[in-house]
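The numbers here are math on the coordinates, done by the rules we state, and not lab data. Every value quoted in this text rests on a predicted model; they were computed, and no experiment measured them. Cβ coordinates were reconstructed from backbone atoms using ideal geometry, including for glycine residues, and neighbour counts include every protein chain displayed.
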Amino acid sequence: MVFACIAVTGCAQTPSTPSPAPTVVAPAANDGAAQLIGQGRSRYTLMCARCHGLNLVSNGLGSDLRAFPADAKERFVQSVNKGIRAMPAWESSLKPGELDAMWAYIGSVNGWAVELKQ
Amino acid sequence: MWRQRQLGSKRGVWALVLGSLFAASACVAQTMNDLRQDAQTAGDITTYGMGWSQQRHATGGQITPQNVKDLVPTWNLSLDNSANASSQPLLIGDTMYITTHSHTIALDPLTGRQKWKTALEIPSDINAYLCCGIHTRGLAALDGVLYRTSIDAHVMAMNATDGKVLWRSKAADYKGGYSLTHAPLIAGGVLITGISGGEYGARGFLTGWDLKTGQEKWKRFTTALPGEKGGDTWNPGIAINGGATTWLTGTYDPELDLVYWGTGNGSPWNPATRGGDSLYINSVLAIRPSSGEIVWHFQFSPGDPFDYDGTNELVLADLPMSGGTAKVLMQANRNGFFYVINRTNGKFISAQPFAKKINWATGIDQNTGRPIDTPMTAGLRKTEVGADFIEAWPSAFGGKNWMPMSFDPSRNLVFMNTVNVGMKVKYVKQERPGGPNWWLGLELGGFVGPDDGNRGALMAWDPIRNRKVWEATTKSPHWSGVLSTKGGVVFSGSQTGALMAFDASDGKVLWRFQTGSGISGLPIAWERNGVQYITVTSGSGTVYAALGGDPDVTNVAAGGSLWTFALKR
């Protein structure tokens, strides 16, 4: 389930200019990718949506993850694990693999593929 | 204890005389009598809800449908933060008081100038433990002392003169998913608070505190454990984390000496995991304030699957019904039905649908008050794991959410902000995760807008005939409180920042003013020197805006402030 950003009215008014989008590669049509994305969506909904919006549709309470650069996974991991500004540190609540799953989910919404570790 | 000060007794008369003398001087400490009379007195506001019945009706009639077009701002005070400003001010003597999640502020109501401001210490990781935003809804006050809760589940008393903290007590450990946002209630000589945390696997409770010392006098849990009365309405091992939180302020009838407090959703939301009716989720509890004893209860949504909290304000009214006067409580429930209940004994009187689309129940049995499940709902009780997503109306936001309604006793009309949105959910088996993690037992797929595009409406409702009188639809639901005035004007604010005045007779918008942020506050009306003022907070960060996927509220700037208006002179 890939949510195209253009379908959502708010996308046109994202506050920051996203970095140039990487070449969009359709997510691999295999069970592994779909399962990871599904796990990520589920975790995101229970943990992150309350501030960052359901299905990433942000209203500014938390930062707009639709504008998060695809090549900044390290920053994503650091911010979520250690906390940043009003966001608390989540690392003690996260199980192994959940960060990767959420990253894959964000990639699926924003239209960039995520390389899966074999 | 306070019963000795009943009006009519010699002692009561002296208390009234002395109270009036003190009221005449500039600096005044409000008495218990001021709290009792709050709904009748236009010159002060000493309680959350403008009276123990929370009718939110102003007895001053200066502002009318004819002159409200001349309403202009008199001052604005910055609240210096970007959080949700869903608070109601108090006005006592020559000082107005307003709370934010991080501060308590005293100000001059005529000039808007700050007098003092006291900061709270908030743990830096608190946001992990909140379902629905960081905010606070208001204060209680008595004898020169202010009482409030803090988001990290503490209760405190402060000196009204200078904001110094007199005592601070812990209601629960926030790291267990507990928090507090509501204004405390003073009833029967006791300070009463509830608790939030229904999405975290919390167990709900009410606490009675000593007003002077902050010592806990009693604690009443709201889920029934095995062996307790109602304990057999749960699967084993669930009720201990079963929800039924108590996150909005109750009402109080001093003659009956009963506090009415609503309980929230079951934990998890998945009804098959919980099993049975799950007492006392989604109920009204009638509580004896001195002891916390549950005198009677009525459960709105037994075994609820949809997060239909029973916490919405339980407005008290004496209605001309059945050839006499019925002492009732009224609630526009999250489940989409408007309930009228006999508040002396908890007997069900009536429940009729106010939400536009209800597909979880075909109606409410008018004899027992019990909902009649649709096949969709009946199926959810049978198996923990859903085969697919289902679409439920109303959504978890409910047909009406926390934003309180107003009751006009001169017109016998309720004015309330309603919501018209559905949701897609798929039920799953989930173990309680603990810590800062939600425990719902379902996948939240998203929210669904209605066909006509109007996700909300300000509705006028006749509670005697239990039916709609008029509605003023809106693309995005209003997430702020409603105020009605004797003059026939209804005030409320939009999520896009407009404070609006409606004609009470037909819902026409007579005046509007654009503030700097969305309005999720509770408007009040008050008087000084013959002038009627309207005060409301602006500053939004609502859970609806965060989760609802409503494109019309995605471009609202944050930033809290307090506004006051009066007729142009």
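Key figures
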item: Orientation-averaged projected area, Cα convex hull of the range B:236-334 (nm²); result: 7.0 nm²
item: Inter-chain Cβ neighbour average for residues B:438-450, partner chain, 10 Å; result: 3
item: C-alpha center-to-center spacing [the range B:253-275, the range B:86-111] in angstrom; result: 31 Å
item: Ordering of B:198-207, B:135-144 by burial proxy (mean other Cβ atoms within 10 Å per residue, highest first); result: B:198-207, B:135-144
item: Equivalent ellipsoid semi-axes - Cα gyration tensor, the range B:410-529, angstrom; result: 33, 18, 15
item: Ranked by how many other beta carbons lie within 10 Å on average, peptides B:552-560, B:268-276, B:75-83 from highest; result: B:268-276, B:552-560, B:75-83
item: Sorted largest first, extent of the range B:435-486 alpha carbons per principal axis (Å); result: 48, 30, 22
item: Principal axes of chain B: Cα extent on each, largest first, Å; result: 66, 57, 50
item: At 1.567 mPa s and 4 °C, Stokes diffusion of the range B:402-457 via Kirkwood alpha-carbon radius, µm² per second; result: 87 µm²/s
item: Part-to-part distance (alpha-carbon centres) for the range B:479-548 and the range B:551-569, which is given in Å; result: 9 Å
item: The range B:304-327-the range A:39-118 distance, computed between alpha-carbon centres (Å); result: 43 Å
item: For the protein assembly as shown, share of DSSP beta bridges that run antiparallel, in % to the nearest 5; result: 95 percent
item: For the range B:509-569: rounded, prolate or oblate by the Cα gyration tensor [a/c cutoff 1.5]; result: prolate
item: All aspartates and glutamates inside 15 Å of B:K475 as judged from Cα atoms, apart from same-chain residues fewer than 8 positions distant; result: B:D451, B:D452, B:D550, B:D552
item: Chain B, dipole about Cα centre (Lys/Arg Cβ +1, Asp/Glu Cβ -1), debye to the nearest 20; result: 760 debye
item: Mean shadow area of the range B:465-553, taken as a quarter of the surface of its Cα convex hull (nm²); result: 6.9 nm²
item: Fraction of alpha-carbon pairs over 20 Å apart in the range B:367-471 - percent; result: 57 percent
item: Size-normalised alpha-carbon gyration radius of the protein assembly as shown, reference 2.2 N^0.38 Å; result: 0.93
item: For the range B:103-254, projected area of the alpha-carbon convex hull averaged over all directions, nm²; result: 10.5 nm²
item: 10 Å Cβ neighbours from other chains, averaged over peptide B:536-549; result: 4
item: Radius ratio Rg over Rh of the range B:184-290, counting only Cα atoms, Kirkwood formula for Rh; result: 1.00
item: Net charge contributed by nearby residues that have their C-beta within less than 13 Å of B:D44 (K/R +1, D/E -1); result: -2
item: Between helix B:10-24 and chain B: long-axis angle, C-alpha atoms, 0 to 90°, nearest 10; result: 70 degrees
item: Residue exposure sequence - B:M416, B:M32 - by fewest surrounding Cβ within 10 Å; result: B:M32, B:M416
item: Residue order, fewest to most surrounding Cβ atoms within 10 angstrom, among B:S283, B:S196; result: B:S283, B:S196
item: Value in Å of the Kirkwood radius, where the range B:26-71 supplies the Cα pairs that are averaged; result: 11.9 Å
item: Spatial extent of the range B:82-174: Rg and Dmax, with the Cα atoms as the point set, Å; result: 13.2, 40
item: For A:57-69, mean number of other protein chain Cβ atoms within 10 Å; result: 4
